[in-house]
Every structure is written in C-alpha cells, then in structure tokens.
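Taking it in order: structure first as structure tokens, then the write-up.
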Amino acid sequence: MLSKSVVQDVISQALQTGGDFAEVFVEDTFKNNISLQSGIIDKSLSGRDFGVGIRVYKGFRSAYTYTTDFSRDSLLKTAKNAAQAIEGEGQLKASELKSERAQQLHPILQMPQTVEKARKVAVMKNASNIATSYHDAISQVVVRYMDEERNVLIANSDGKFIEDQQVHSRLAISAVASNESDMETGSYGPGRLQGFEFMENMDLNHYAKEAARIAVTNLGADPCPSGKFPVVIDNEFGGVIFHEACGHGLEATSVAKGKSVFSNQIGQRVAPDIVTYIDDGTIKNEWGSINIDDEGNPTQKNVLIENGILKGYLVDQLNGRIMDTPSTGSGRRESYRYAPTSRMTNTYIANGESTPEEIIANTEDGIYAKYMGGGSVNPATGDYNFAVNEAYLVKNGKIDRPVRGATLIGNGPKSLQAVDMVGNNLGHGAGMCGSLSGSIPVNVGQPTLRVSEITVGGRKEEA
C-alpha cells in the first residue's frame, strides 16, 4: 500500500517537534451499494476510497491529520502539520519497522469484487419476492445490498508495520404493510464479516418473511398501554438496549474522562450475579469481529461484567495512557478520516439458565419486546429511550395480543440491576454504531431476558 521507507520517513517527520509516539494509518476500501424497490433497481453505487491518517502523541495530548494524496511530499507535509500541534523537547528516534500480516481469523471464500452484479441482484429480487408474497397487505418492499473490502496498513514509532483485510456483506430488507387507514413497516438486516458466500448460505426465506411478518403484525396491533411493567426482551437485536445504555459507558472514551456512570467501579457489583457482559471481537465471521483493531492490536475477548461484578473496560491506546491500562484491542474508526477511540465489537449478555418459555410463564402482567428499534442514551447518566418494533402484552404467563407504539424509557445501570431472569438462547444481531470515531459495524446480542420494571410509553391513536 505504501513502502516501508516512505512510512518510516513520515513517522520521523511526525516526531520532529517532540512527540513521543507517531502512527500512520493507510486505508484502501472498495464499496458496493445496491437498492431495489418494488422489484426494480433504483440505485447502484460503487466506489473506492483511499486515504492516510497520521497521529502524534505527547503525553495525554494528541493531534490527528489525514490526506487523500499519497505522494511522499504530501505525506511529509501532512505529518508536519500534525507535529506542529505538538510541542515538546528533543526528538524521539522511531524504532525500525517490522513487517507482518494480521492473522486471518475469519475466512473469506468469495471476494465480493469478483462476483457479477447480476448474482447480487438475483439475491435481492428473491428476497423481495418472498416478502411481497407473504401477505396481501404488503404494499412495498425495499431491499438494500452492501459489500465492502477494506485493506489497511498500520505503522507506528514502536516498530509496528501490520497489514489486514476486512470484508463485510449485508442485506437489509424492509417491508411496508398497509390498509385503507394505516401503514406499518417491518425490517431485518443480517450481516457478516464474510464474502458473497454469506448471501448464498443465509436463510433468506426466514429474513424476508420476518420483515414482512413484523409489518403485517403491527398493522393489526392495538396501541401499547403506558406505565411501569416487567419487560421481557427477546434475544439477538434485543441486546441493543444494553449496548447503548451500558456498553458505551464501559468504553474508555468516556471512562477515562470520568464521564461514565461506570468510572472507578472496577470490582464493584453493577448487576445481579446472573448477568455476565462480554465484548468479543474474535467470534468467527461475526459482523462486529476483527482480526486486529485500527491501532494494529490483536482483537480479544473482554469480559466486562462477570456474574454482576465489573471486571474491566474497553480501552484504546490513548485513553489507556490516561488510565494507565493496556489496550484491549478496542481502538476502532470508520475510516482514515477519524482518529480511533475505544469501541465495541460483538457485545452481548451471556447465556443464563432459564428457558424463554420459563421467563414468559413467570411473567403475570408485562410487555414482551420481540424486536427492538432505534433509540438514544446519555452515556454520562445512562438514561435511555428506545422504540420497540414489535411488542406484545403478556397476560397470566402467556403472550397475548400484539401492541404497537411501545417505547422503553429508563436508566441503563438501573435496568441492568433489575435483570431478574436470563435465558439460554443467546443470539446476535448486526448493526451500525456511531460515536466519536464514526460509524462502525458492531453486533449486539443477548438471550431472552426479563427486566423487572421499565417505564413503557405507548402511542395514542388519532380520534
């Protein structure tokens, strides 16, 4: 991508004003995005993005610059700009760069760039046809296809010079159900750290029908009641509520600044002993997995909460300096346009001992959140607000009628403490997470679980 000699010169230039660490991040990414609406391709975009980011540290301070001009003169100028933001004494001599290739933990069988677009469109049309034929109420189906091949080189003044390749594939299916007076939407967006083999091997029938079923179910649903209820949250993407309300609070990005509710809580009980919370970037071919992070460190399995006790945080290199804690392989970024910071990979609540059926049977009067939607959270307080895409009332230990317009309102640490049953059916769901270093692929996950009480906001129907 760039020669070792050029990178060595760039690092030396970045250290000229007294910085104590310099890093070069090179990225060459190929992307394909195709959109199909009502059986017709309405958008097809392909592109390549190449750029170089340069970062310099001095103690706890850092400067970051980037360029899309990879000529030697441009790179040296960009490094000089970063260096000028750092004032110190002397000049550190960078270590000699040692080339290596990241270990490929996630095999890719069919590189998306080698697959004809017609094969990709065929998968999309098949998904559209399945969803459209699910029910007469389905009035529109939109299918979006995405693949990405990301090649990176990470080098630094400690002698690191490592290259890696990451390949992502995702299919998003959205169905609209309508009648004379109403319209509802259902969606499903599976993704993997895989090539086109993911598209050929996925259970397309399941995903397309689920998107349509959610829309049709909501079309005939009653308004959700408001109040405080026990809430049973289904597995897989149900984990988004703890990703947002707790996971971000365990990132060094906020912990190092003392702006997290979990700051200075190591060794303390933050959840019942039935809760173990893990971030694991090593899970084979999962959407949020990585071989190395965007600082060149190997990914790893990080147990954040074990049997209710806070064990650790997700730490990047710069915040690790502030916390005097080694990196946990959690420095991630969307692209060369962003400096990395601590981020999640595949974050989930581990399996418990209850079955989903037992959890429902032990809930007299509550809400069953089958599919979670989007939401927002304040990481400093843990307060959250989440939409539920598909919900049901639970009456006398049985799932009752569907309801729509449900919103879960609460506080992450308090909801974590209120988990009183954890199922044994762990599942993962693919999503995109936005933070200081941009939008990145992450998995959220959990088994079915119950929170003893959450405030539920309903939706008023028009008169």
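Summary of values
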read-out	value
When residues of the range 231-270 are limited to those that are of a type in the set (Ser, Thr, Tyr) and part of a loop (DSSP other than H, G, I, E, B), the one surrounded by the fewest Cβ atoms within 10 Å (Cβ to Cβ)	SER263
Residue within the range 333-348 that is more than 30 Å from GLU23 (Cα to Cα), in contact (Cβ under 8 Å) with a residue 60 or more places away in the chain and either in a loop (DSSP other than H, G, I, E, B) or touching a helix residue (DSSP H, G or I) at 6+ places or on another chain (Cβ under 7 Å) (or both) present	yes
Residue in the range 37-48 that is at pLDDT 95 or above and crowded, with 20+ Cβ neighbours inside 10 Å present	no
Residue in the range 84-91 that is within 19 Å of ALA339 (Cα to Cα) and either assigned to a loop (DSSP other than H, G, I, E, B) or aromatic (Phe, Trp, Tyr) (or both) present	yes
Check on GLU251, of a type in the set (D, E, K, R), in contact with a His (Cβ under 8 Å, 6 or more places away or on another chain) and closer than 30 Å to ASN424 by Cβ	no
Cross-chain or 6+ apart pairs with Cβ under 6 Å, the range 209-220 first and in the same structural domain as SER181 (by TED's automatic domain parsing), then assigned to a helix (DSSP H, G or I) and not hydroxyl-bearing (Ser, Thr, Tyr)	ALA211/ALA131; ALA212/ALA131
Some residue of the range 278-299 being modelled with pLDDT of 95 or more, out of contact with any strand residue (DSSP E or B) (no Cβ under 8 Å at 6 or more places or on another chain) and either under 18 Å from THR328 (Cα atoms) or surrounded by fewer than 22 Cβ atoms within 10 Å (Cβ to Cβ) (or both)	yes
Qualifying position, being farther than 28 Å from ALA252 by Cβ and assigned to a strand (DSSP E or B), among GLY47, GLY53	GLY47
Extreme residue, surrounded by the most Cβ atoms within 10 Å (Cβ to Cβ), among residues of the range 13-31 that are closer than 22 Å to SER437 by Cα and among the β-branched types (Val, Ile, Thr)	VAL24
Residue pairs meeting the criteria (Cβ under 8 Å; at least 6 apart or on separate chains; first modelled with pLDDT of 95 or more, in the range 440-456; second of a type in the set (Phe, Trp, Tyr) and in a strand (DSSP E or B))	ASN443/TYR348; VAL444/TYR348; GLY445/TYR348; GLN446/TYR348; GLU453/PHE229; ILE454/PHE229; VAL456/PHE229
Hits in the range 320-342 (condition: over 15 Å from the mean Cα position of the chain (by Cα) and closer than 13 Å to SER439 by Cβ)	ARG337, TYR338
Any hit, the range 185-197, residues being touching a residue at least 40 places away in the same chain (Cβ under 8 Å) and more than 26 Å from the chain's Cα centre (by Cα)	no
The lone exception for SER289 - which of (1) small (Gly, Ala, Ser); (2) under 19 Å from the mean Cα position of the chain (by Cα); (3) not in a loop (DSSP other than H, G, I, E, B) it fails	(3)
Unmet criterion (only one of (1) crowded, with 17+ Cβ neighbours inside 10 Å; (2) under 23 Å from ALA63 (Cβ atoms)) for ILE322	(1)
Residue within the range 47-60 that is touching a residue at least 60 places away in the same chain (Cβ under 8 Å), in contact with a Gly (Cβ under 9 Å, 6 or more places away or on another chain) and assigned by TED's automatic domain parsing to the domain that holds GLY189 present	yes
Qualifying strands (runs of 3 or more DSSP E) (wholly inside the range 95-193; at least 2 residues being surrounded by fewer than 17 Cβ atoms within 10 Å (Cβ to Cβ) and either at pLDDT 95 or above or assigned by TED's automatic domain parsing to the domain that holds SER12 (or both))	98-101, 138-156, 160-178
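Residues are listed down the side, and each one gets a yes or a no for (1) in contact with a strand residue (DSSP E or B) (Cβ under 9 Å, 6 or more places away or on another chain); (2) touching a residue at least 12 places away in the same chain (Cβ under 8 Å):
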| position | (1), (2) |
| --- | --- |
| SER74 | yes, no |
| GLU87 | yes, yes |
| SER99 | yes, yes |
| PRO107 | no, yes |
| GLN113 | yes, yes |
| LYS117 | yes, yes |
| SER133 | no, no |
| ILE138 | yes, yes |
| MET146 | yes, yes |
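The values are calculated or read from the model by the stated rules, or taken from the named source; none is laboratory data. Everything numeric in this text was worked out from a predicted model, so none of it was measured. No Cβ is skipped: glycine too gets one built from the backbone with ideal geometry, and neighbour counts run over all protein chains shown.
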